[in-house]
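For reference, the structure is listed below as structure tokens.
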Amino acid sequence: MTPEHLSPFGRSLLSRRGFMSKTAFSLGSLGLAHLLAADAKDDPTNFTGKAPIRPNIDPDSPYLTRPSHYDAAAKRVLVIYCPGAVSHVDTFDYKPDLYKYHGQKPPGIPAVTFEGPTGNIAKPFWDFKPRGESGKMISDLLPHLGSHADDFCFLHSLHTMTSAHPQGENFMNTGFTMEGFPSFGAWVTYALGSDNEDLPAFVAINDPRGMARSGKNNFGNGFLPAAFQGTDFNAKNPPANLRRPDGYNATDDKLTAEVLKRLNGSHLEKYPGDADLAARIASYELAGKMQVSVPEMMDLANEPTSIHKQYGTDTGSAEVQVAMLSERISRLSSHLQNNIHDFSSRQGLLKMIGRRKRLLNYMRSKSEQRYSETISKLGIRG
């Protein structure tokens, strides 16, 4: 690569004088860090005179609730992460300089990068207007969102030097462009534990069409113990192996779990302080509890039709479709009791009953247990 293709900073490092002047401070910082680390062995406090805040985690029970250093108002946090969404500069991040430099090359950026030739700056495709009492600038692309501008908190302080999607995703969810760092969900679980003993504290409900480009880094544990990574599942791909096999009842399940707990405890006593082993045991114990809690939590069969329509789940699993058909059949049957000459509705009722029967036959061919549970919950005669 010729010097003219380097950034101004890169060209400044080509001479010996430039290299030493630019890197001497960094090399000195490394030496200082080494000296401070040596001092830290004797003094647990940092330069502020205070010991760092670290949660007191029992390696045998990593999910136990831990007190925070201040009271928090939120008990649950939902993060909707949309990688590859519409550009922020076309929606809610108003940048007047984009109009100023429209059609020009970006200043201070090489003409060619690893992604190819640098393009020209383009102004937003939609006009921006002040919205709400706050006067927040939001584009005409989002007029309905703009009407609620005063109800949102917009953060414009986040910036990064990378334009690559995988590294940008890492930065968004871990604070670093490189791999190997914990996601913020892992940090929260590490610091606070969980109030619920039967469900994971940190779950990642990924798009059924596939994960984001940086994959499990978006909800990974990084260098934290494995117990604090996110549990990956969604409606189409629930956590594997949680459904109890046919012919295996709850009593058998409980007795098996108790035996495993004793064996795991005995094994852990031989290796005290082994965080990885403790994490694996804790994960297996949580999985045992999830066998009871998760199927019930993810069972949408008894949710009303209005909820399924609101969240777009009205074309879900066979159980959901049977439940929805049963509700419609019930309503239509009540209607026909008072309108015996409504032959069109009666024909529609017969079609629904036939469709429900086909779905039930399909469920029975796949799992007798699923079939029995569904007709029992919905009060359908087999």
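The values are calculated or read from the model by the stated rules, or taken from the named source; none is laboratory data. Just so you know, these numbers come straight off a predicted model, no measurement behind them. Because the Cβ atoms are built from the backbone with ideal geometry, glycine has one as well, and the counts that use them run over all protein chains shown.
Among the residues of segment 202-222, those identified as touching a residue at least 12 places away in the same chain (Cβ under 8 Å) and touching a strand residue (DSSP E or B) at 6+ places or on another chain (Cβ under 9 Å) are 202, 203, 204, 205, 206, 216, 218, 219.
Matching residues to (1) farther than 15 Å from residue 317 by Cβ; (2) in the same structural domain as residue 317 (by TED's automatic domain parsing); (3) surrounded by 15 or more Cβ atoms within 10 Å (Cβ to Cβ):
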{"site": "330", "(1), (2), (3)": "yes, yes, no"}
{"site": "342", "(1), (2), (3)": "yes, yes, no"}
{"site": "346", "(1), (2), (3)": "yes, yes, yes"}
{"site": "367", "(1), (2), (3)": "no, yes, no"}
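Scanning segment 213-260 for residues that are in a loop (DSSP other than H, G, I, E, B) and at pLDDT 80 or above yields 213, 214, 220, 221, 222, 223, 224, 225, 229, 230. Of all the criteria given as (1) of a type in the set (S, T, N, Q); (2) at pLDDT below 85; (3) more than 30 Å from residue 207 (Cα to Cα), the one not satisfied by residue 321 is (3).
Residue count for segment 136-162 satisfying the condition of being of a type in the set (Gly, Ala, Ser) and surrounded by fewer than 11 Cβ atoms within 10 Å (Cβ to Cβ): 1.
Taking residue 147, is it of a type in the set (Ser, Thr, Tyr) and closer than 30 Å to residue 212 by Cα? The answer is no for residue 147.
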